[in-house]
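Heads up, the thing below is written out as C-alpha cells.
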Amino acid sequence: MGRSCLLTRSDVFALIADGGKIVIKDDAVLRLDGWLEKHPGGRLAILHMVGRDATDELNIAKPDPMGEEEEGVKEQKKHRAQVLLRSVLTNPNGLMPGPMKPSDRMHADEQSKGLVYSSPHNITLTIHVCTSSHSADTLKGMNRFRIGTLTGEWSNFVPPIQGGIFSLREHDNDPKAKVPDKIFNAESEKPVKGGALEVAAPPWTEKAFPPILLSSEKILSPDEYFAQAVQDDINASVQAYPSLDAATQGSIAVKYQELHERVKREGLYDCDYSRYGIEMLRYGALFAGFVYFLRAGWYGTSATFLGLFWQQIMFSAHDAGHRGITHNFVIDTLIGIFIGDFCCGLSIGWWKSSHNVHHLVTNQPEHDPDIQNIPLFATSPEFLKSLTSSYYNGFVFVYDAIADFTLRFQSYTYYPIMAAARFNLYFLSWAHLLKPGTPNMGRALWTRPTEILAIFGYFFWFGYLVNTLCIPTWQDRVLFILVSHFATMPLHIQITLSHWGMPTCVLPGECFAQHQLRTTMDVDCPAWLDFVHGGLQFQAVHHLFPRMPRHNLRKTQPLVREFCKETGIKYSILGFKDGNVKVLSRLEEITKQAVLMAKCQAHMAATGESGLH
C-alpha cells in the first residue's frame, strides 16, 4: 500500500479481510499493525478502532498515545494512504484482530454499498427479519427484502442494531406517518405472507417509532423477551438523542472538533501546578492524621485517615494515568506508579489497560470491563444471557443460577460491595502484573518491573511497618485493615455513579462525542466541594477531553453545555443523591427483568409455553 494511493471501499475491506489493523483518520487510511504492541495503553485500545473512522479518538480523545507523540506520528505515516470516503467503515466497536471469514467479508461489502445512498427512498438492502415460528419457512432462503406500506410509500424506522428483534410503530405525534405493513422479496417484488413481521430499517433514517408488535398478539419465549428488553433500551436512546443519519452525526463530529480547537485556544489543556500544591497540603494533612493517631493507639481513627488519604490521592493517580499533569509519558507514569503502586498498592498499568478501553467503548457490555461485574451486578439486560468479554480475551460471563440469585439483591448489596471493592482491586492488579505475556506500557520495558517493585514497597510499609510493628494485637490489625479499606468506599461509588445508570446499548453510526455524552453523567456540586469528588463529578466533560487537567474541567463545563444545546444532545447531570437513586433504580430495573425471565423459564419447563403475552 503506497503512501499516496487512493483507496476505494473495497480496497479497505480487502485490507481488513487480510488481517490488517486498518483505521481511518482524517483523510487517511492507517495500518497500525506495527503499532499494536507499542501502545502504552494496551493493544485493545487500538483494536477497538479497527474497521472504523477513529478521527476523533485519535485527534482529540487520545486515550493514551505513544510515549513520545512524535514517534507515534512516524509510526502512523509509515502506512498512510488517502481514502475515497471517510464513512467507508461502519464497524461500531472495531475488534477485527484477525482475517474475516468469507461470509463476514460479504456482509461488510454489503454494508459499504448501503452507505452510498442518502435517502430511504427506492432502496433495496439486506436486513434482518424476526418472524413468528409458522412463517419462518416462508422466509427461509430469502436474503434480500424491501419494506413499505400498502400504498408503496416509505416511512422512517428504528435503525438496525446488533441483529435480533426490531420494532416498528406509527409515531404517536405524527398521524400522517405510514406504518410498514408489508415486507417484499426484493427480487420478485412479491409480498411475504404469514406471521408477525418485525424488520430493521436503513441507518440514515431521521425518525424512529416507539416499539410495539405489528401482530395483535405474540407469545414471547425467554430469548425473545431478552431481545425485546435490549431493543427497548435501544429505542429509548434513539428517541432521546439526535438522528443517527450520516449528515447529523457528521455535523456533530465537526462541532466537536471545533470545540476541541476552542479548548486548546483558551489554554484549558495547560496544567496549573499551584492547584497540585494545594492538593499536596491536603494529602499531607490526612497522612499526618493517620500517623498521629496510629502512634496514639487510636487505630480505628488512624485507619479512617489512611483510607481518606488513599481516596484523595488516587485522584492524582487518575490524572497521571491520563497524562494530564505534565503531559510527559515518563514523568506522569512515574507519578502514577508512586501514587498507585507504592502509596495505594494498585497497579497503574492494570488501570491504564482497563481504563483506556473503557474510554473508547464506554458502557458497551461486551467490551467495557468497568461494567462487566457478573455475578454480582448487571447494569444491562444483555448480561441476562451469558456474555463473552472481548477485554478478558473471550472469557464468558455465565448467567447461571448463582447470578440469577445474586442479581435479585443487587440494589441492596451495592453499598456493602462498594465498601469492600478495594480488595478486588488488589486481585486485578496482581493478575495483570503476573499474567504471562502481559505487555509493558508500549516500548517502556521498565514499567512492569518498576510497578512490581513499588507494590512490594507498599506491602512492606503497610503490611510490615504499620500492621506488624505498630499495631500490637491481631484484633486491632484486622480492625485497622477493614476500616482503612472501607473508608475508600466513596471513591468506588464515585467511579460507578457516572455510568451505571446510563444507557448500555450500541447505536451504529453514532459519533464519538454523542456516544460519550449518552453513556456518561456529570454530578452537580458546588465548587467548594470539588476536592471531595476529585474531578469525577465532571465525567461527561472528562470523557470528551480525557487528557485535560481536572482543575480545568469546571471551566470547560459551560462550553460542553453550549455544545450540547447547539447539537441537541442531552447533557445528563444530577446531584450526588439523585445520581445514587438513578443507579439503584437501574439495578432494580434489571433485577425485575431477571426475575421475570426466571419465572418465564420455570413456566416453560412446566407447561411448554412461555407465559409472556
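The values are calculated or read from the model by the stated rules, or taken from the named source; none is laboratory data. Bear in mind that the values here come from a model prediction, so they are computed numbers and not experimental data. In this analysis, Cβ positions are derived from the backbone assuming ideal geometry, glycine residues included, and neighbour counts consider all displayed protein chains. Side chains included, ligands, DNA and RNA excluded: accessible areas come from the protein's heavy atoms. Shrake-Rupley method; radii C 1.70, N 1.55, O 1.52, S 1.80 Å.
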#### Entry: Accessible surface, per residue, of the stretch 444-535 when the full set of protein chains is kept, probe 1.4 Å, Å²
39
### Extension gain, Asp223 back to Val291 (0.36 nm per residue minus Cα-Cα distance, nm)
18.8 nm
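Percent of accessible area on the stretch 308-364 owned by carbon and sulfur, 1.4 Å probe? Don't skip to the answer; put the middle values down first.
Details: 930 of 1140 Å².
Using a 1.4 Å probe with all protein chains present, the stretch 308-364 comes out at 82 percent carbon and sulfur.
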## Note on the structure
In whole angstrom, the spacing between the Cα centers of the stretch 550-593 and the stretch 230-256 equals 17
### Query
Considering every pair of different Cα atoms, what Kirkwood radius, in Å, is found for the stretch 493-613?
16.5
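To the nearest 0.05, how large is the calculated FRET efficiency for Glu266 and Val396 if R₀ is 41 Å and r is the Cβ-Cβ distance? Working shown, then result.
Details: r = 47 Å, r/R0 = 1.14.
Between Glu266 and Val396 the formula returns 0.30.
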#### Entry: Those residues of the stretch 363-385 whose amide nitrogen sits under 17 Å from the label point placed on Gln601, 7 Å along Cα→Cβ
374-385
### Query
Based on Cβ point charges of +1 for Lys and Arg and -1 for Asp and Glu, what charge dipole magnitude is obtained for the stretch 474-551 about its Cα centre, in debye rounded to the nearest 20?
180
#### Entry: Residue pairs, from the table Lys25/Lys264; Lys264/Lys570; Lys21/Lys255; Lys352/Lys435; Lys385/Lys577; Lys264/Lys555, whose Cα atoms sit over 22 Å apart
Lys264/Lys570; Lys21/Lys255; Lys385/Lys577
#### Entry: Nearest-0.05 FRET efficiency for Thr468 and Asp233, computed from C-beta distance (R0 56 Å)
0.65
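Could you give the length gained on full extension between Cys525 and Asp476, defined as 0.36 nm per residue of separation minus the Cα-Cα distance, in nm?
Numbers: separation 49, 0.36 × 49 = 17.64 nm, distance 3.68 nm.
Going from the current span to full extension adds 14.0 nm.
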### Message
So if each residue of separation counts as 0.36 nm, and I subtract the Cα-Cα distance between Lys385 and Trp461, what length gain in nm does that give?
### Response
23.0 nm
### Summary
The percentage of the accessible area of the stretch 463-608 (probe 1.4 Å, all protein chains present) made up of carbon and sulfur atoms, to the nearest whole number, is 64
### Query
Hey, what's the Cα Rg ratio for the stretch 468-523 versus the globular rule of thumb, 2.2 N^0.38 Å?
1.98
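Compute the Cα gyration tensor for the stretch 226-304, then decide on rounded, prolate or oblate, letting a ≥ b ≥ c be the square roots of its eigenvalues: rounded whenever a/c is under 1.5, prolate when a/b is larger than b/c in the other cases, and oblate in all that remain. Numbers along the way, then the final one.
On the way: a/c = 8.74, a/b = 1.78, b/c = 4.92.
In terms of gyration-tensor shape, oblate.
Given a 1.4 angstrom probe, what's the average accessible area per residue across the stretch 539-609, in square angstrom?
Working: 3280 Å² over 71 residues.
Per residue, the stretch 539-609 has an accessible area of 46 Å².
Rolling a 1.4 angstrom probe over the protein heavy atoms, how many square angstrom per residue are accessible across the stretch 261-328? It would help to have the intermediate numbers written out before the result.
Numbers: 3220 Å² over 68 residues.
Per-residue value: 47 Å².
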#### Entry: Spin-label proximity, Arg554 to the stretch 247-282 - amide N less than 19 Å from point 7 Å beyond Cα toward beta carbon
267-282
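When a/c is below 1.5 the answer is rounded, else prolate if a/b is larger than b/c, else oblate, so apply that to the stretch 401-494 with a ≥ b ≥ c taken from the square roots of the Cα gyration tensor eigenvalues.
Details: a/c = 2.49, a/b = 1.15, b/c = 2.17.
Oblate, because a/c is 1.5 or more while a/b does not exceed b/c.
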